[in-house]
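The values are calculated or read from the model by the stated rules, or taken from the named source; none is laboratory data. Quick caveat: nothing in here was measured; it's all calculated off a predicted structure. Here the Cβ positions follow ideal geometry from the backbone for every residue, glycine too, while neighbour counts run over all protein chains shown. Protein only, heavy atoms only, side chains kept; ligands, DNA and RNA dropped before computing areas. Shrake-Rupley method; radii C 1.70, N 1.55, O 1.52, S 1.80 Å.
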Amino acid sequence: MKTPIKVLSASALLAMTLSGCVEQDASLQLKGGVLATTAEGELSCTLPSDYDSVVVFSSSGFIAGQELAEFGQPLIGSEYVPGTRNSFSLGVAFQNRLPDSRNVGATGGGGSGGFEGLYLDQNAITVTGARVNVPSDLNSFAGAGSIDFPEARRDFSALVESGGGSVVMSVPLISGSSEYDVLEEFVSSSGASQITFVFTVQLVGETLSGNEVTSNVYQYPITVCPSCDEGTTGVCVVAE
């Protein structure tokens with residue numbers, strides 16, 4: 001099964017924004033499904049350098065259970081990301097939309113302490129991690145009920161400057177067999193061959209001035225097929 005991959009135009013990105021995937025008033029703006037790219041015949045991939053340069057997206061994911069258990073998540077073609085058995089990551093891009101707060105010549109106390117000319121960015125955001133969930137209100141299935149997938153926290157640290165600073169990286173949606181087994185067991189108990197679950201991702205952090213910040217909540221559907229042996233969504237595509 002092929003994973004839907006789209007190169008979104010500016011108008012398509014606007015439509016995605018208006019659909020609620022990205023909230024314009026969020027001080028920390030998040031978009032997901034970001035794919036790394038490579039050239040034909042190459043085995044190394046490159047993520048976009050910043051938020052605005054992201055143009056290649058996966059609109060949804062697919063997990064072939066046998067493939068994920070034996071090999072992990074594909075990098076490109078038949079090459080797999082090392083150490084990803086029973087794990088699945090999503091490329092994300094996030095941007096600090098708070099205004100530039102840098103000022104020059106900040107000093108403290110009775111002397112400069114050598115801080116003349118230092119730029120202090122009080123609106124810079126230290127992102128400390130992400131909340132990943134498969135919420136029951138978005139994942140209730142007729143005849144099978146709702147899945148019980150405890151919200152997970154992915155810890156990392158990324159400093160995002162104010163005034164449009166951005167980061168592009170990967171966040172694990174599924175981290176290891178204990179989490180994947182919850183999904184697979186739910187599919188098996190339902191009697192279905194596969195089920196599409198809606199994952200949510202929200203970043204958390206705080207500004208350098210100490211204010212707590214959260215991003216918009218991004219939703220990403222993933223179809224889980226325990227008996228499938230190929231088709232898992234990879235982290236990279238060949239650029240056109």
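Only residues that are surrounded by fewer than 19 Cβ atoms within 10 Å (Cβ to Cβ) and of a type outside the set (S, T, Y): list them for the range 48-71, please.
Passing the criteria: P48, D50, D52, V55, Q66, A69, E70, F71.
Within the range 54-76, being closer than 24 Å to E240 by Cα and in contact (Cβ under 8 Å) with a residue 60 or more places away in the chain holds for V54, V56, S58, S60, G61, F62, Q73, P74, L75, I76. If you scan the range 176-209, which residues turn out to be closer than 30 Å to N123 by Cβ, within 20 Å of the chain's Cα centre (by Cα) and hydroxyl-bearing (S, T, Y)? Answer for the range 176-209, where residues must be closer than 30 Å to N123 by Cβ, within 20 Å of the chain's Cα centre (by Cα) and hydroxyl-bearing (S, T, Y): just T200. Within the range 136-177, the residues that satisfy the criterion of being open to solvent by less than 20 Å² (accessible area, probe 1.4 Å) and under 16 Å from T200 (Cα atoms) are N139, I147, F149, A152, V171, L173, I174. For the range 186-232, the set of residues classified as open to solvent by 60 Å² or more (accessible area, probe 1.4 Å) and over 18 Å from G61 (Cα atoms) consists of S188, S189, G191, E206, L208, N211, E212, T214, listed by residue number. For the range 7-19, check the following and say yes or no: at least one residue is at pLDDT below 95, assigned to a strand (DSSP E or B) and not polar (S, T, N, Q). Yes, because at least one residue in the range 7-19 is at pLDDT below 95, assigned to a strand (DSSP E or B) and not polar (S, T, N, Q).
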